[in-house]
Amino acid sequence: MSLVFAGVCSHGPGITGRSEQADPAVRDAFYENFHRMRDAIEATRPDALVVVAAEHFANFFMNNMPSLAIGMAEHYEGPIEDEAWLGIERRRIPGNAALSKRLIERIMRTSDVAYAEEWLFDHGIMVPLHFLTPRYDLPIVPVNINCQGPPLIPLDRTWEFGCALREAIDNVPERIALVGTGGLSHWPATPDSGVINEAWDREFLERWCLGDREALCAFTDEETYREAGQGGFEIRTHVAVAGACAGSKGRVWFYAPIPIFAVGCTIATMEVSEAGLAGNDPSGDER
Amino acid sequence: MSLYQLQKLLYQLNRDPHTRTRFEADRGALLSDYELSEEEEAAIRADDVGLLYVLGVNGQILMHYAAMCGYEWHEYLQAMRDGLERHGPVRRGLYATVWE
Ligand SMILES: [Fe+2]
């Protein structure tokens, strides 16, 4: 059928792993918006969820690093991290190999992409799924953009990949929800963990909500590294979703820096033009 | 130069139970599979997370190794700070990147 939902969210491992150390008021407001996003996704009755992630050396390493990869398996497993450390139990997660294959074949017409018939989900996918598909009953199509080991794919090509992904999604009969997960500014797993550049994050989200390709792709990696840390490279996931929703506007449902989660925690959606599903909730603005 | 090898060792330790078993059984034998400098090998033998950070290991790899070695989150962050204090700035890898 087509794309029925599009959004973005954060995925820092502290969100589930260090939950009890966060300010309960801000934390609970953030979780509540994660749950709102789950409800919004469920309301669109998707057949599958495409997660555009930025994994952290769980499957892909510098021996053979794909810039873009899509999972093509009947099931996946995760989290790769210690269960107690992440606060998420290890489990099997359903996939849909046939759907993945059709998406990959279509994408390959305009974009290069690697495929993977094995994939261990790390916190980058497991934290969003923990909130968005808590029963793990929705087939997942994992997509990865290398945001960790430079050289990294340029932002404008990430946008183009988003366009190719959208075109593929619109050409399968299934109803597809799309969630990108990454960033924004953060210095994860370094001595600067907990530093968050809120002004930079808000500037990025403004450009993202406008769906402004030129403004979004204008960030250079040098500037991003300086202003937003190496975690800022993960904006590629958001740029891909914006590309998939070109012509649409976004809404930020929630944004707040939560230092113990090491990231400006974000929940935002893009309008999906077809049926006007996700982003058209008039109560959708940040609250 | 061998940062790639050092990170590969930690990447495999993080994801592969078999590599972890070998690590626990005979660290020296496992380390001989990787082309590590003396300093890198010493850092691994001593679980010296602070030195590994200074040697350039990416935090997204290092934090799991630290957890495996029993570092609590704040101890992990402190170990990196101590490493910087003791050994000076990060020497290689992403955090030592100088943009042209
Ligand atoms: Fe991440």
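What follows draws every value from the coordinates through simple rules; no lab data is involved. Small disclaimer: the values here were computed from a predicted structure and weren't measured. As a convention, Cβ positions derive from the backbone with ideal geometry for all residues, glycine included, and neighbour counts pool all protein chains shown.
Of the residues making up segment A:184-203, those that are more than 14 Å from chain B (Cβ to nearest Cβ) and within 15 Å of the ligand (Cβ to nearest atom) are A:184, A:185, A:196, A:201.
Quick one: would you say residue A:26 is surrounded by 21 or more Cβ atoms within 10 Å (Cβ to Cβ) and among the β-branched types (Val, Ile, Thr)? When the stated conditions are applied, residue A:26 does not pass them. Scanning segment A:150-183 for residues that are free of Cβ contacts under 8 Å to residues at least 24 places away in the same chain and within 16 Å of the ligand (Cβ to nearest atom) yields nothing. Of the residues making up segment A:1-29, those that are more than 16 Å from the ligand (Cβ to nearest atom) and more than 14 Å from chain B (Cβ to nearest Cβ) number 14. Which ones in segment A:101-131 are away from every other protein chain (no Cβ under 14 Å), within 25 Å of residue B:64 (Cα to Cα) and either more than 16 Å from the ligand (Cβ to nearest atom) or of a type in the set (S, T, N, Q) (or both)? Answer for segment A:101-131, where residues must be away from every other protein chain (no Cβ under 14 Å), within 25 Å of residue B:64 (Cα to Cα) and either more than 16 Å from the ligand (Cβ to nearest atom) or of a type in the set (S, T, N, Q) (or both): just A:117. Among the numbered conditions (1) over 26 Å from residue A:150 (Cα atoms); (2) away from chain A (no Cβ under 12 Å), the only one that residue B:78 does not meet is (2). I'm trying to understand the selection: among the residues of segment A:212-229, which are in contact (Cβ under 8 Å) with a residue 60 or more places away in the chain and part of a helix (DSSP H, G or I)? Across segment A:212-229, the qualifying residues are A:216, A:221.
Segment B:1-69 holds helices (runs of 4 or more DSSP H) entirely within its bounds, and those carrying 3 or more residues that are crowded, with 20+ Cβ neighbours inside 10 Å map to B:3-15, B:38-45, B:49-54, B:59-68. Yes or no: segment A:77-88 includes at least one residue that is within 16 Å of the ligand (Cβ to nearest atom), of a type in the set (D, E, K, R) and within 14 Å of chain B (Cβ to nearest Cβ). Yes.
Report yes if residue A:143 is within 16 Å of the ligand (Cβ to nearest atom), surrounded by 15 or more Cβ atoms within 10 Å (Cβ to Cβ) and either more than 14 Å from every other protein chain (Cβ to nearest Cβ) or over 26 Å from residue B:4 (Cβ atoms) (or both), otherwise no. For residue A:143, the condition - within 16 Å of the ligand (Cβ to nearest atom), surrounded by 15 or more Cβ atoms within 10 Å (Cβ to Cβ) and either more than 14 Å from every other protein chain (Cβ to nearest Cβ) or over 26 Å from residue B:4 (Cβ atoms) (or both) - is met. For residues that are away from every other protein chain (no Cβ under 14 Å), more than 13 Å from the ligand (Cβ to nearest atom) and out of contact with any Pro (no Cβ under 6 Å at 6 or more places or on another chain), tally how many sit in segment A:40-65. Within segment A:40-65, residues that are away from every other protein chain (no Cβ under 14 Å), more than 13 Å from the ligand (Cβ to nearest atom) and out of contact with any Pro (no Cβ under 6 Å at 6 or more places or on another chain) number 10.
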